[in-house]
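Visitor: Let me begin by handing over the structure; questions about it come next.
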């Protein structure tokens, strides 16, 4: 058995501010190693990076380059792969976020090692890293050993609940040189629906065909808003295919996989493709007029009846709590 | 434009998962296999932009999957034949990269992920192995000569990405509306060239320990009917589930 395992936790920033998902990455990294080095690519100091010690980072390293303001796939991959090669790391941990899903395979391929993506559990067994990942749309779990060193892993958002394990982490900024990237992020267009993404929200309120027409989604939006900025609006495939909502909102097999603390399914029957995207939610509430709808089989709490009567009432009650 | 589209044969999304007696893989008896839905977007995008070769790594039965892409309109197919599609993304990428290496492709397209193993890695790994620029999970694509602009969804926004050709692109839903193969296409597909090449896969980077059913969710309850049940629902969410 190796004495101590050193893990590299790849964190993320946007506009110079650390993304909260980084807390989950550090928490996950701590699960498989005694020493965690958090690393973030940026142009300079990252606001919030000093907080990573609270979640178990022994050291926080900023890899700085003038070209790292926005996501720079080739530059980030080069800088991280070089850091890993210089290091003796047992594993490299990413978030399975939009950036992590793009970046982790590049880094793994540069290093010539395996990647276990979108893990919901990771563990160290002796010197081997084992990972559990949902496959077949969440209808099965695949447990794998990563046979190469280092193991590269990405963690499903919202699964690795941040655990505070305070360390007095040292901070360090290292200027890195990378080749000019051919792939360049020119701009980020803000989504119309606000900054909270369904894949990362603590609460998701989703609507389906039971809403009857697109304008009725306002009852879903109002309920989401009642949660005071913690909730995002999701949608079933049926309503996305019908053009009522953007694909960014779609939860399910050909949309996003979500694991919020609370998932509220409104007027969604619960087709297997939808269940694939939300069955790992901690608590599921279903509101549907059909008491035999499959969604009630996975829901912790169900209310049967007319959503247009039930949802506004629920919105009112939630507002009271947050008022 | 000379385009390669890498596709995969996967169980249909409605499949009921039964685990094989080895405890490590899917029991394929009675399972219907289809062209991976995300790969349909890749094939469609290829068809709109040039001459398409589809490349598939998988068992002999994946010839059927290739025929589906040929029926959509692809020009030729290559099957890199193995006993089964490996769970190992890097090994898959190595085999595909070796096949694509001498190709002189303008564009190599993939689906952003396969709906069976959820690996989401083979496209960018192939790009890395071939030294090509790559944009993943693309929902909008414009190409003008040797320059491309792609849009990909990120949390709370859309990244607008510029890249030069040749490049590797992985397709997300929304990139286009894939066509259904017409009868004429299905007939024509039978005569299109499909080359079968046995391949030896490299040393594995991922070893399967077990495939298990997901934990059952505990039996839920119907709180009640109509808006009158809402106060009790909120009480349960606060006091029992402790999520409010």
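What follows is calculated from the coordinates using simple rules that are stated; it is not laboratory data. All figures in this text were calculated on a predicted structure; none of them were measured in a lab. Cβ coordinates were reconstructed from backbone atoms using ideal geometry, including for glycine residues, and neighbour counts include every protein chain displayed.
Visitor: Rounded to the nearest 0.05, what FRET efficiency do residue A:173 and residue B:210 have when you use their Cβ-Cβ distance and R0 = 41 Å?
Guide: The pair residue A:173/residue B:210 has a calculated efficiency of 0.45.
Visitor: Between residue B:199 and residue A:15, with labels modelled 7 Å along Cα→Cβ, what's the label distance in nm to one decimal, could you check?
Guide: About 4.3 nm, to one decimal.
Visitor: Moving on. Tell me, what is the FRET efficiency for residue A:188 and residue B:146 to the nearest 0.05, using R0 = 30 angstrom and their Cβ-Cβ distance as r?
Guide: According to the calculation, E is roughly 0.75.
Visitor: Among A:145, B:18, A:212, B:112, what is the fewest-to-most ranking by other Cβ atoms within 10 Å?
Guide: Placing the least packed residue first, the sequence is A:212, B:18, A:145, B:112.
Visitor: Roughly how many whole Å is it from the C-alpha centroid of the stretch B:188-223 to that of the stretch A:242-290?
Guide: After rounding, the separation between the Cα centres reads 23 Å.
Visitor: Give me A:263, A:136 ranked fewest to most by other Cβ atoms within 10 Å of their Cβ, as a rough exposure proxy.
Guide: A:136, A:263
Visitor: Scaled to the compact-protein estimate 2.2 N^0.38 Å, what is the alpha-carbon radius of gyration of chain A, rounded to two decimal places?
Guide: Output field value: 1.06.
Visitor: Give the Kirkwood hydrodynamic radius (Å, one decimal) of the stretch A:203-322, defined as one over the mean of 1/r across all pairs of different Cα atoms.
Guide: About 13.8 Å for the stretch A:203-322.
Visitor: Okay, next question. Summarise the long-distance tail of P(r) for the protein assembly as shown by giving the % of C-alpha pairs beyond 32 Å.
Guide: Of the Cα pairs, 45 percent sit more than 32 Å apart.
Visitor: For the stretch B:2-198, what is one quarter of the convex hull surface built on the Cα atoms, given in nm²?
Guide: Computing the convex hull of the Cα atoms and averaging its projections yields 11.5 nm².
Visitor: Can you give the calculated 222 nm mean residue ellipticity of chain A, where each DSSP H run of n ≥ 4 adds -39,500 (n - 2.57) and the sum is split over every residue, rounded to the nearest 500 deg cm²/dmol?
Guide: Helix-only estimate at 222 nm: -7500 deg cm²/dmol.
Visitor: Hey, fewest Cβ within 10 Å first, where do A:233, A:204, A:163 land in order?
Guide: A:163, A:233, A:204
Visitor: Ok, one more. Rounding to the nearest 10 and keeping the result within 0 to 90°, find how far the Cα-based axis of helix A:73-87 lies from the longest principal axis of chain A.
Guide: Roughly 50 degrees, rounded to the nearest 10.
Visitor: Related question: So, in nm, how far is label residue A:69 from label residue A:221 when the simple model puts each one 7 Å beyond its Cα toward the Cβ?
Guide: 3.2
Visitor: Of the residues A:306, A:58, A:249, which exhibits the maximal mean-square fluctuation in a Gaussian network model of chain A defined by a 10 Å Cα contact cut-off?
Guide: Of A:306, A:58, A:249, the most mobile in the Gaussian network model is A:306.
Visitor: Find the percent of Cα-Cα distances in the stretch A:141-246 that exceed 17 Å, and round it to a whole number.
Guide: 73
Visitor: Please check: in the Gaussian network model of chain A (C-alpha springs, under 10 Å), which one of A:295, A:32, A:272 has the largest mean-square fluctuation.
Guide: The residue that fluctuates most here is A:272.
Visitor: Here's a follow-up. Helix B:230-239: angle to the longest alpha-carbon principal axis of chain B, degrees 0 to 90, nearest 10?
Guide: For B:230-239 against chain B, the angle is about 80 degrees.
Visitor: If R₀ is 25 angstrom, what is the calculated FRET efficiency for the pair residue B:64 and residue B:20, using the beta carbon separation as r and rounding to 0.05?
Guide: Computed FRET efficiency for residue B:64 and residue B:20: 0.75.
Visitor: Let me ask something else. So, in nm, how far is label residue B:48 from label residue B:101 when the simple model puts each one 7 Å beyond its Cα toward the Cβ?
Guide: So the label points at residue B:48 and residue B:101 sit 3.4 nm apart.
Visitor: Binning at 5 Å from 0, report for the stretch B:178-231 what percent of all alpha-carbon pair distances ends up in each bin.
Guide: 4, 9, 7, 7, 7, 7, 8, 13, 11, 8, 7, 7, 5, 0
Visitor: Okay, moving on. Tilt of helix A:21-32 relative to the longest C-alpha principal axis of chain A, in degrees (0 to 90, nearest 10)?
Guide: Approximately 60 degrees, to the nearest 10.
Visitor: At q = 0.14 Å⁻¹, what base-10 log of I(q)/I(0) does the Debye formula yield for the stretch A:6-175 when every alpha carbon is treated as an equal point scatterer in vacuo?
Guide: Results for the stretch A:6-175 at q = 0.14 Å⁻¹ read -0.63.
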